[in-house]
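*Asks:* Attaching a single structure in structure tokens format; questions to follow.
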Amino acid sequence: MASIKDLKKDINYVLGDIIEAVYIVEAANNKQDSKEGASIIDNAIATFDDLIAKVNKRGVEDRKAHLKAVKEELETKAKGLVEELNKLG
């Protein structure tokens with residue numbers, strides 16, 4: 001398992017890239033501030049907050065397994081957001 005710092009960076013970069021992609025797709029389609037795009041951005045921000053809170057959680061029994069589960073959750077939620085983003089374009 002990579003360091004906690006690297007996991008936090010991964011969370012930030014992945015979800016930040018998804019938010020940036022929403023803005024790019026909306027600009028390319030001349031649909032700024034669409035409800036669908038705003039929903040994807042809100043979900044990405046909520047996912048970010050949730051995952052960072054889980055990474056910072058203290059007192060877990062098996063820290064390594066906990067962080068691995070957070071990383072897997074990041075992957076599944078990011079895939080879901082990308083699927084929503086693909087429908088937007």
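*Asks:* Please give the charge dipole size of the chain, origin at the Cα centre, charges +1 on K and R Cβ atoms and -1 on D and E Cβ atoms. Round to the nearest 20 debye.
*Replies:* Charge dipole, the chain, about its Cα centre: 420 debye, nearest 20.
*Asks:* Specify the residue with the greatest mean-square fluctuation among Ile19, Ile45, Ile11, computed from a Gaussian network of the chain linking alpha-carbon atoms under 10 Å apart.
*Replies:* Comparing Ile19, Ile45, Ile11 in the GNM, the peak value goes to Ile45.
*Asks:* Test of the criteria: in the chain, which trypsin sites (Lys or Arg not before Pro) are in a DSSP loop and have at most 14 other Cβ atoms within 10 angstrom of their Cβ?
*Replies:* For trypsin sites (Lys or Arg not before Pro) across the chain that sit outside H, G, I, E and B with at most 14 neighbouring Cβ atoms in 10 Å, the list reads Lys31, Lys57, Arg58.
*Asks:* Let me ask something else about it. Please state the relative contact order of the chain as a whole percent: Cα pairs under 8 Å, 6+ residues apart?
*Replies:* Relative contact order, the chain: 44 percent.
*Asks:* My understanding is that a pair violates if its Cα-Cα distance is over 20 Å; which of Lys31/Lys77; Lys35/Lys71; Lys9/Lys79; Lys31/Lys87; Lys57/Lys79 do that in this structure?
*Replies:* Check vs 20 Å cut-off fails for Lys31/Lys77; Lys35/Lys71; Lys57/Lys79.
*Asks:* Hey, any idea what % of the chain's accessible area is carbon plus sulfur with a 1.4 Å probe?
*Replies:* 51 percent
*Asks:* Moving on to the next point. Under a GNM of the chain (C-alpha, springs under 10 Å), which listed residue has the highest mean-square fluctuation: Gly16, Gly37, Gly59?
*Replies:* Comparing Gly16, Gly37, Gly59 in a Gaussian network model of the chain, the most mobile one is Gly59.
*Asks:* What are the ³J(HN,Hα) couplings of segment 10-25, residue after residue, when phi is run through the Karplus curve with 6.51, -1.76, 1.60 and θ = phi - 60°? Round to Hz, x for glycine and proline.
*Replies:* 4, 4, 5, 5, 5, 6, x, 5, 5, 4, 4, 5, 4, 5, 5, 5
*Asks:* Right, next: Using only the Cα atoms, work out Rg/Rh for the chain, with Rh taken as the Kirkwood radius, to two decimals.
*Replies:* For the chain, the value is 1.06.
The values are calculated or read from the model by the stated rules, or taken from the named source; none is laboratory data. A quick note: this is a predicted structure, and the numbers were derived from the prediction, not measured. Here Cβ is always computed from backbone atoms with ideal geometry, including for glycine, and neighbour counts include all displayed protein chains. Calculation scope for accessible area: heavy atoms of the full protein, side chains included, ligands and nucleic acids excluded. Shrake-Rupley method; radii C 1.70, N 1.55, O 1.52, S 1.80 Å.
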